[in-house]
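Some notes on the structure that comes next.
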Amino acid sequence: MRRVGAFGGSTALWVLLAAHVAAAFEPVSVGIAIGAVSALTGYLSYSDFYCRFTECCHEERPLNTSALKLDLEEKLFGQHLATEVILKALTGFRNNKNPKKPLTLSLHGWAGTGKNFVSQIVAENLYPKGLKSNFVHLFVSTLHFPHEQKIKLYQDQLQKWIRGNVSACGSSVFIFDEMDKLHPGIIDAIKPFLDYYEQVDGISYRKAIFIFLSNAGGDLITKTTLDFWRAGRKREEIQLKDLEPVLSVGVFNNKHSGLWHSGLIDKNLIDYFIPFLPLEYKHVKMCVRAEMRARGAAVDEDIVTSVADEMTFFPKDEKIYSDKGCKTVQSRLDFH
């Protein structure tokens, strides 16, 4: 855990060293030297000086909404709901100087639809180092909470970890991946931190952000999306209200959602359930083009089509949606 007070000690040492060097000169020079150093340390604030050399937690720094919007629109394909909701939720939350609770988002959809990618985009727009930031914390259910018989231990560890990191940075970001593989009950350990409390044991969690990533509810999302398609309606016509109530109830009653009978849902502590729609053939091709550009290669439409054609699609008769989304695009592109 980073000690914020370290800079104060460093500054004092700097002043003493400056005075010691200046002591070799006449008293007037000593006074000038100390005065100059004092003025300099006063001018170079914590964020201006110390943060040039190490990562700092800027709780009051506003979100660059334009940059986030551009990233979502240019890098996320086929997810108009996720783009709209995440942009509005983050912008509103970060622009609110006195939020009443932490922002809690639950992202749902099949693998390869962009949930992890969005969490990466969000992290990078909040902190320049993104997922490598000291203030962005990623938990993977199968890695950090693998054993069902250790639920109580995991709950205690999770509370201590979140408490410690929010103490160091009030605007910390916590991402929980593979929520559908998380043993029931573990996530309820963080309920006090997500609630409408001004402080919990002297710590305010109101500026923190919690993001859950889950495959649970993917079947419900696909059913609604397919119903729109069969009715001749565009996927862009799907609104959050068409899916969010179904999602919240579905994951609450799903024993394999990580949120089964969770107090987080029961007490309405999750601000948004965000659906990630299944991706169509055209979206897969967009993913291929984006990956080619990311590799610095010219976009070859023959290769784009070839990679997209290698993917498998469902339902069996219509073959509309990629069963792996864009998840295997990178590995398949390696063979071309």
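The values are calculated or read from the model by the stated rules, or taken from the named source; none is laboratory data. Keep in mind that what you see is a predicted model, and the values were worked out from it rather than measured. Positions of Cβ are generated from backbone atoms using ideal geometry, with glycine treated the same way; all protein chains shown enter the neighbour counts. Calculation scope for accessible area: heavy atoms of the full protein, side chains included, ligands and nucleic acids excluded. Shrake-Rupley method; radii C 1.70, N 1.55, O 1.52, S 1.80 Å.
Scanning the range 201-217 for residues that are surrounded by fewer than 19 Cβ atoms within 10 Å (Cβ to Cβ) and in contact (Cβ under 8 Å) with a residue 24 or more places away in the chain returns Asp201, Ile203, Ser204. For the range 265-281, the candidate set comprises residues that are in contact with a Phe, Trp or Tyr (Cβ under 9 Å, 6 or more places away or on another chain) and within 18 Å of Ile190 (Cα to Cα); within that set, the residue that is most open to solvent (accessible area, probe 1.4 Å) is Asp266.
Within the range 102-144, the set of residues being surrounded by fewer than 18 Cβ atoms within 10 Å (Cβ to Cβ) and in a loop (DSSP other than H, G, I, E, B) comprises Ala111, Pro128, Lys129, Asn134.
Looking only at the range 97-128, count every residue that is polar (S, T, N, Q) and farther than 15 Å from Tyr272 by Cβ and tell me the total.
Of the range 97-128, the ones polar (S, T, N, Q) are 98, 104, 106, 113, 116, 119-120, 125.
The next check asks that each one be farther than 15 Å from Tyr272 by Cβ; those that pass are 98, 113, 116, 120, 125.
Of the residues in the range 97-128, 5 are polar (S, T, N, Q) and farther than 15 Å from Tyr272 by Cβ.
Hey, could you check the range 199-257 for residues that are among the aliphatic types (A, V, I, L, M) and in a loop (DSSP other than H, G, I, E, B) and say which is farthest from Ile121 (Cα to Cα)?
So the residue we want is Ala231.
Of the residues making up the range 283-303, those that are assigned to a helix (DSSP H, G or I) and over 20 Å from Glu73 (Cα atoms) are Glu301, Asp302, Ile303. Every test in (1) surrounded by fewer than 22 Cβ atoms within 10 Å (Cβ to Cβ); (2) in contact (Cβ under 8 Å) with a residue 60 or more places away in the chain is passed by Lys150 save one, and that test is (2).
Entry remark, the range 102-124: residues being of a type in the set (Val, Ile, Thr), more than 9 Å from the chain's Cα centre (by Cα) and over 21 Å from Thr224 (Cα atoms) number 1 in total.
Annotation: of all residues in the range 79-101 being under 15 Å from the mean Cα position of the chain (by Cα) and charged (D, E, K, R), the one that is modelled with the lowest pLDDT is Arg94.
The set of residues from the range 168-198 being under 18 Å from Gly258 (Cβ atoms) and part of a loop (DSSP other than H, G, I, E, B) comprises Glu178, Leu182, His183, Pro184, Gly185, Ile186.
Do you know which residues across the range 229-252 are open to solvent by 20 Å² or more (accessible area, probe 1.4 Å) and either in contact with a helix residue (DSSP H, G or I) (Cβ under 8 Å, 6 or more places away or on another chain) or within 19 Å of Ala111 (Cα to Cα) (or both)?
Step one: of the range 229-252, the residues open to solvent by 20 Å² or more (accessible area, probe 1.4 Å) are 229-234, 236-237, 239-242, 244-246, 248-250, 252.
Scanning the range 229-252 gives Trp229, Lys234, Glu236, Glu237, Gln239, Leu240, Asp242, Glu244, Val246, Ser248, Gly250, Phe252.
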